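These notes are about the structure you will find just below.
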Amino acid sequence: MNLHDAIIIGSGSAGLTAGLYAGRFRMDTLVFERMSPGGQILLSPSIDNYPGFPAGLGTEELISRFKKQAEEVGIDIQSKDVLEVKRSSDGFLVRTSEGDFETKTVIVATGAQPKRLDIKGELRLTGKGVSYCGTCDGPLFKEKDIVVIGGGDRAIEEALFLAAYAKKVTIIHRRDEFRASMILVEKAKANPKIDFFLEGVVEEIYGENKVDAVKVRNVKTGAESQVACQGVFVFVGILPNTDFLKNLLDRDEFGFIITDQEMRTSQAGIFACGDCRKKSLYQVVTACGDGAISADSAYKYIINKK
Ligand code: NAP
């Protein structure tokens, strides 16, 4: 079996940047991706805080540039689902849906996925008014009433995007302060199509075959009310895609991989970068930084072992 220098698992912003750097180090590198390159960033239509693009940039455009740049330095991106990573005599055995591969190092860049609320009606009405992606489903809600749940960057950004289609967007957030950056909150407050329902927790989504309302409880008074809507967009945080590594790597209580500043995990030779690792700022710019560092660390790991 061919022994590669690095196998990068995932091709979002972190994985593609790791690929770019690994390629420039002339490492023999494969990138495995379960679906198509891009990761979570493609759930947003555009990005406003990536340096160098003051007018913002479409996320598909950004990812296709990342991909092109990685491929230009010889990085091979393959569609394969990684099932398991195991130690082997020369490094690691990466078991995939389409065969096994051997590598000296592994860079985990598997990202995260949207968290569910786990409330009554949510699962049953997913795809029937309940959604986790404004970019994908926003155009289906032209002139409709939409509820957006959450108070982070994603919720506010998506509410702004959805307001372009909807008749009205109501942001329901469980506190009266926001985790989202102030610039986004200010924009949402200035948008005449956006209303806020603060200190409210959505407890149930109603509707027979499609969404028609949500039940909200005021966390201070306990009062219950209904908000009529045809769309419910849930943005309450992210869950890392790391379950397949749970017996191999140290993770925090939510499953985020623990690394040091050099992106080293609890297993020598395995590095993690981007949204799958525990850190303080989940952004494209930090995912790229992580990706670059992880490739550099993998390169140094191989050199030092020689
Ligand atoms: P987030 O920042 O973790 O925010 C999650 C929001 O959902 C919080 O407001 C939280 O409320 C609320 N929430 C969590 N569980 C809830 C529940 N069970 N019921 C009701 N509300 C609940 O997550 P995110 O907005 O999905 O973003 C994920 C990461 O990507 C973040 O680090 C974010 O900064 C980053 N991101 C950045 C950008 C950007 O910079 N342009 C865009 C998108 C995402 P509390 O505040 O009360 O905890």
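The values are calculated or read from the model by the stated rules, or taken from the named source; none is laboratory data. This is a predicted model, so every value here is computed, not measured. Here the Cβ positions follow ideal geometry from the backbone for every residue, glycine too, while neighbour counts run over all protein chains shown. All accessible areas refer to the heavy atoms of the entire protein, side chains included, with ligands and DNA or RNA removed. Shrake-Rupley method; radii C 1.70, N 1.55, O 1.52, S 1.80 Å.
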Query raised in the report: If we scan segment 36-44, do we find a residue that is away from the ligand (no atom under 16 Å from the Cβ) and surrounded by 14 or more Cβ atoms within 10 Å (Cβ to Cβ)?
Result: yes
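Residues checked against (1) farther than 28 Å from residue 192 by Cα; (2) assigned to a loop (DSSP other than H, G, I, E, B); (3) acidic (Asp, Glu):
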{"position": "102", "(1), (2), (3)": "yes, no, yes"}
{"position": "117", "(1), (2), (3)": "no, yes, no"}
{"position": "148", "(1), (2), (3)": "no, no, no"}
{"position": "159", "(1), (2), (3)": "no, no, no"}
{"position": "162", "(1), (2), (3)": "no, no, no"}
{"position": "165", "(1), (2), (3)": "no, yes, no"}
Query raised in the report: In this structure, does residue 184 turn out to be open to solvent by less than 60 Å² (accessible area, probe 1.4 Å), more than 16 Å from the ligand (Cβ to nearest atom) and either in contact (Cβ under 8 Å) with a residue 40 or more places away in the chain or not polar (S, T, N, Q) (or both)?
Result: no
Report summary line: When residue 149 is run through (1) surrounded by fewer than 20 Cβ atoms within 10 Å (Cβ to Cβ); (2) near the ligand (Cβ under 7 Å from one of its atoms); (3) farther than 19 Å from residue 47 by Cα, the failure sits at (1)
Report task. Pull up segment 129-144, narrow it to residues that are surrounded by fewer than 19 Cβ atoms within 10 Å (Cβ to Cβ) and either of a type in the set (A, V, I, L, M, F, W, C) or modelled with pLDDT of 95 or more (or both), then point me to the one that is farthest from the ligand (Cβ to nearest atom). Result -> 143
Query raised in the report: Residues that are more than 20 Å from residue 275 (Cβ to Cβ) and under 18 Å from the mean Cα position of the chain (by Cα): which strands (runs of 3 or more DSSP E) entirely in segment 1-95 hold 1 or more of them?
Result: none
Query raised in the report: Checking residue 124 against (1) open to solvent by less than 50 Å² (accessible area, probe 1.4 Å); (2) not in a strand (DSSP E or B), which single condition isn't satisfied?
Result: (1)
**Report entry** Subset of segment 96-110 (residues that are within 16 Å of the ligand (Cβ to nearest atom) and either open to solvent by 20 Å² or more (accessible area, probe 1.4 Å) or acidic (Asp, Glu) (or both))
**Finding:** 110
